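Okay, structure first, notes after.
The values are calculated or read from the model by the stated rules, or taken from the named source; none is laboratory data. Keep in mind it's a predicted model, so treat the numbers as computed, not measured. When we count neighbours, we look across all protein chains shown, and the Cβ atoms used for this are built from the backbone with ideal geometry, even at glycine. To get the accessible areas, we keep the full protein, side chains included, count just its heavy atoms, and leave off ligands, DNA and RNA. Shrake-Rupley method; radii C 1.70, N 1.55, O 1.52, S 1.80 Å.
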Amino acid sequence: MEKQNLPYKYYPLWWLLQGISSLPLSVLYILAKVIYVLLYYVIGYRKKVVLSNLRNAFPEKNALEIKQIAKQFYRNLADIIFEIIKLGTISKKEIARRVQYTNPELLQYYLNKGNTVITLGSHACNWEWGLASASSYFKEPSAGVYKPLTNTFFETYMRFLRSRLGATPVKMKEVLRHLVIHRNEPRLLALLSDQTPPRGEIQYWTNFLNQDTAFYVGADKLADAFKYPVVFIGVIRQGRGYYKFSFELLRDAGVVEKNTEYPVTEAYARTLEKWIQQYPSDYLWSHRRWKHKRSQEN
């Protein structure tokens, strides 16, 4: 995707970001150190939100442990900012060298049978590199579901970054249409299912990281409607700019469970919770994940 419909006033910003993207990652990580200092020590970007989220999620940890996790989170966040910008110029060969899939055969098994595979990721480590690297491992198309941004420039630029290496960005409200059009074509459909639904769209609550938490239930609805398999994506940071993704089956193809409410979403919440507890600093704690409170009716 190019900047074809972008107003001319945004071109300098586009060129600036692409110029930054062309720098080696070793240089970008030096810039990331500066951003870390600004975010944590100078600006205090969403610091109250981060610390509150961490205290609530890990009540067993003391103040020093919470602070250490928070500081490492901000270091990771600064790195991710520049790694995402790097998607503007990074080669498919380079991202394949930096992103490892431990068991892609799980997904390939279903793709070979002609299935679309629904993958449920989260805002852990570098979620954008997960989708961008899919074309390095699979010949089948991959699509990532996202919430459109209100800012014209960043909506256009993020779609460019997400599509540049072959993935297809799909707006959240267009997922059903996308699946119907490509119903008989094996592909990967990636959702970040840890996002917070708007108050009026909440259909499911569960205890997640010691707190009542609302979840989108789209994965259950899509799996029930199309009988697609659903796979959890876990990710480990192996070093700066190096990630290892692994996959865990949440529901097999063709299965429809009626004995519990939204079983895929519940299985996802439990699996993600374990990953976050094991790698706490890699999660996106600056997000206002628990801004909605559960009412007595729920």
Stretch N207-L16 to full length: gain in nm at 0.36 nm per residue minus the Cα-Cα span?
64.4 nm
Below 8 Å between Cα atoms, with a sequence gap of 6+, how large is the relative contact order for the chain in percent?
23
Can you tell me which aspartates and glutamates have their Cα less than 16 Å from the Cα of K258? Leave out same-chain residues fewer than eight positions away.
D220, D224, E266
If you roll a 1.4 Å probe over the heavy atoms of the protein chains, what accessible area per residue do you get for the chain, in Å²?
49
Between R164 and V37, what is the label-to-label distance in nm when each label sits 7 Å out along the Cα-to-Cβ direction?
2.8
For the range 100-108, Karplus-derived ³J(HN,Hα) couplings (6.51, -1.76, 1.60; θ = phi - 60°; whole Hz; x for glycine and proline) come out as 10, 9, 6, 9, x, 4, 4, 6, 5
With an 8 Å Cα cut-off and a minimum separation of 6 or more residues, compute the relative contact order for the range 1-117 in percent.
36
Reach of K93 by Cα under 19 Å, taken over aspartates and glutamates that are not fewer than 8 positions away in the same chain
E83, E128, E140
Given axes a ≥ b ≥ c from the Cα gyration tensor, I'd like to know whether the range 60-130 is rounded (a/c under 1.5), prolate (a/b larger than b/c) or oblate.
oblate
Length gained when the stretch K291-L149 is fully extended (0.36 nm per residue, less Cα-Cα span)
49.2 nm
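Note down the magnitude of the dipole of the chain about its Cα centre, charges +1 on Lys and Arg C-beta and -1 on Asp and Glu C-beta and zero elsewhere, to the nearest 20 debye.
With Lys and Arg at +1 and Asp and Glu at -1, about 860 debye.
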Take the chain, connect every pair of alpha-carbon atoms lying under 10 Å apart with a spring to form a Gaussian network, then pick out the residue of K244, K227, K139 with the largest mean-square fluctuation.
K139
For K171 and N56, FRET efficiency with R0 = 30 Å and r from the beta-carbon atoms, rounded to 0.05?
0.40
Looking only at N62, N259, N207, which one moves most when the chain is put into a Gaussian network model with springs between Cα atoms under 10 Å?
N259
Taking the chain as a Gaussian network, where each spring joins two C-alpha atoms under 10 Å apart, which residue of R237, R177, R270 fluctuates the most?
R177
Quick check: at a probe of 1.4 Å, how many percent of the accessible area of the chain sits on carbon and sulfur atoms?
54
Once both labels are modelled 7 Å past Cα along the beta-carbon direction, what's the Q100-N5 spacing in nm?
4.1
Give a residue-ordered list of calculated ³J(HN,Hα) values for the range 111-117 (Karplus: 6.51 cos²θ - 1.76 cosθ + 1.60, θ = phi - 60°; whole Hz; x for Gly, Pro).
4, 5, 8, x, 8, 7, 10
Taking θ as phi - 60°, what are the ³J(HN,Hα) couplings along the range 37-48 by the Karplus curve (6.51, -1.76, 1.60), each to the nearest whole Hz, with x for Gly and Pro?
4, 5, 5, 8, 8, 8, 7, x, 4, 6, 5, 5
Which distance in Å, rounded to a whole number, links the C-alpha centroids of the range 216-294 and the range 5-42?
30
So for each of 144-151, 276-283 I average, over its residues, the number of other beta carbons within 10 Å; can you give me the resulting order with the highest mean first?
276-283, 144-151
